[in-house]
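Here is the structure we will look at.
The values are calculated or read from the model by the stated rules, or taken from the named source; none is laboratory data. This is a predicted model, so every value here is computed, not measured. Here the Cβ is made from the backbone with ideal geometry for all residues, glycine too, and neighbour counts use every protein chain on show. Just so you know, the surface numbers come from the protein's heavy atoms only, side chains and all, with ligands and any DNA or RNA stripped out. Shrake-Rupley method; radii C 1.70, N 1.55, O 1.52, S 1.80 Å.
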Number of protein chains: 2
Amino acid sequence: MRDINTDLRVVRTKESIRHALVELINEKGFEAITVKDITTRAKINRGTFYAHYQDKFDLMTKCEEKIMLDMSKITKQNFPSVIAALETDSQPLAPFSLTVSLSEYLNINSGFMKAVLGPKGDLSFQTRLKEFMWETLYGNNPNAFIKEENFLVPGQYLASYMGTAIIGVIQQWLESGRKESPQEMARILTTITVNGPYFAAGLKK
Amino acid sequence: MRDINTDLRVVRTKESIRHALVELINEKGFEAITVKDITTRAKINRGTFYAHYQDKFDLMTKCEEKIMLDMSKITKQNFPSVIAALETDSQPLAPFSLTVSLSEYLNINSGFMKAVLGPKGDLSFQTRLKEFMWETLYGNNPNAFIKEENFLVPGQYLASYMGTAIIGVIQQWLESGRKESPQEMARILTTITVNGPYFAAGLKK
DNA sequence: GTAATACACAACAGGTTGTTTATTATTATA
DNA sequence: TATAATAATAAACAACCTGTTGTGTATTAC
């Protein structure tokens, strides 16, 4: 019995496929990429690609699933502190340590993240990530944004607002070359989302 | 001398092409659409398509340019009040009337807008629209978000935050069937972006 | 060392692309 | 309304990409 996932040939092949994918997305956008592009760049036979993935969408999905799984794991690692934050809740916000951890993860995987979140990236992934962000950072908190009747604004719009806004800030960070540290990004995300743009602009004390 | 833009055959053909495009984006997403799909759906010859557009990207770009041009016109129509708001400025915000006008425009063109802004839509358009939104609603105001030194958060992140957040709320509105009136959406957009999510959630007075 | 198997190579039919041709149908205009 | 202009059609074309398959070779795990 042999394990596909540890065979050095498979590992090497998949690595060069993923590497080629990221390069090509940054160059010409996911849409314009052909399987032939990928295999040429990865220096593998086209048939080999189809031995591992159904098509370029399958490849993309599997790469994205890995990212989402990693981020879920990070969230679960922070779960004790999330629970603590919820029970003593006054702030409808995920613990700062979680935001830092996620920022650090994005920083490490910035190659792929920049590609898929950039203007030539994958829209469906952004939609999924948006939902994940909302769920992770705000959705679990029963004391926060769930009391629909109190809302000045329908809850669905608040959720969309928060989700897309966070993605927007992350996109900008990745696009502009990650000049801020993950810790600083976590602070920016917290400041801007919790207090609103007026406060973040220094116009309100 | 005959005018291409008024020849009924041309008008009819282009209309059915655009109509087919919107339908197909909603069904299978822009990426999966072929020129053959479009021409079959529009019930025209494939050669006719290429007489008007280079490819599906060219078609998409021209449809999008029309939208952006319309929105620019609406903004310019509101320009007197924008100027007035800037000169007596205390709020880094476009006049409410402009937000209402833009919401109304989105409502009228909701077929196309829902398609291109939806999860199967066009990412590059969203990027451009985001920039347009920021420029239109906030970017022109010299008294607002431009004084970089005052920022608790770097200005570029504030801009990204506002731009993507607005798009996010609009997306949610289109996706969930436009239950709110354009006027109500304008109010929601104003409340949520100016005062921040805490206030909008009724958690801060 | 040896068996397992991932990979390369090559060929295949089927589909899309973008272009071009001759022909037909529709339109604008005098 | 007659007629000249021209948009749309049908059909064919090479070029390309797709997804699959079969054979032989090279690499790997055990």
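Quick notes on this structure:
- Number of residues in region B:33-65 that are in contact (Cβ under 8 Å) with a residue 40 or more places away in the chain and either open to solvent by 20 Å² or more (accessible area, probe 1.4 Å) or in contact with a Pro (Cβ under 6 Å, 6 or more places away or on another chain) (or both) equals 1.
- Single condition residue B:151 does not satisfy, out of (1) facing chain A (nearest Cβ under 7 Å); (2) open to solvent by 20 Å² or more (accessible area, probe 1.4 Å); (3) modelled with pLDDT of 70 or more; (4) under 19 Å from residue A:173 (Cα atoms): (3)
- Test result for residue A:42, within 16 Å of DNA strand C (Cβ to nearest atom) and out of contact with any Ser or Thr (no Cβ under 8 Å at 6 or more places or on another chain): no
- Residue in region B:82-119 that is farthest from the other protein chains (Cβ to nearest Cβ), counting only those that are at pLDDT 90 or above and in a loop (DSSP other than H, G, I, E, B): B:109
- Subset of region A:13-30 [without any contact (Cβ under 8 Å) to a residue 40 or more places away in the chain and surrounded by 12 or more Cβ atoms within 10 Å (Cβ to Cβ)]: A:13, A:14, A:16, A:19, A:20, A:23, A:24, A:27
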